[in-house]
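Engineer: What follows is a single structure, and I will ask about it in a moment.
Read-outs throughout are calculated quantities, based only on the coordinates presented, and are distinct from any laboratory measurement. Keep in mind the model is a prediction, meaning the values are calculated, not measured. Cβ coordinates were reconstructed from backbone atoms using ideal geometry, including for glycine residues, and neighbour counts include every protein chain displayed.
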């Protein structure tokens, strides 16, 4: 978790630096806070999903091609972040270090695969775990 914490800290620092000038309106500061929140939740979500499914978080964060199992788990993670946290595709993309179109593809793929009962059970489990883990920080 050390490397993910460093990455999160760096992303938060960059977001704050972008919003730190005195002449920026308050809405920019709110947007910067939202970006920090999105990155923090997605990063925590990656760690949670890695622990839940017994894979290294490093693999879920890897840029570029990964095995089909890792890619599918990343797609499920993006889908759950979009559905549970109600983040936009662009926000999920930013949180996972991916493009919004990648998130869109992941969400469509997961929706299509939910017709399979076993796959649906796995996604539902992931949703329940994330809801339980983030219960205190969920938007109302």
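Engineer: Mind listing the Cα extents of region 91-140 along all three principal axes, in Å, largest one first?
Structural biologist: In descending order, the Cα extents are 31, 28, 17 Å.
Engineer: Compute the projected area of the convex hull of the Cα atoms of region 30-140, averaged over all viewing directions, and report it in nm² to one decimal place.
Structural biologist: Result: 6.8 nm².
Engineer: Sticking with this one: Pop out the Kirkwood hydrodynamic radius of region 59-102 from its pairwise C-alpha distances, inverse of mean 1/r, in Å to one decimal.
Structural biologist: It is 10.5 Å.
Engineer: Along Cα→Cβ, 7 Å out, is where each label goes; now give me the distance between the ones at residue 58 and residue 104 in nm to one decimal.
Structural biologist: 3.4 nm
Engineer: What nm value, rounded to one decimal, do you get for the distance between residue 66 and residue 134 when each label is placed 7 Å out toward the C-beta?
Structural biologist: So the label points at residue 66 and residue 134 sit 1.7 nm apart.
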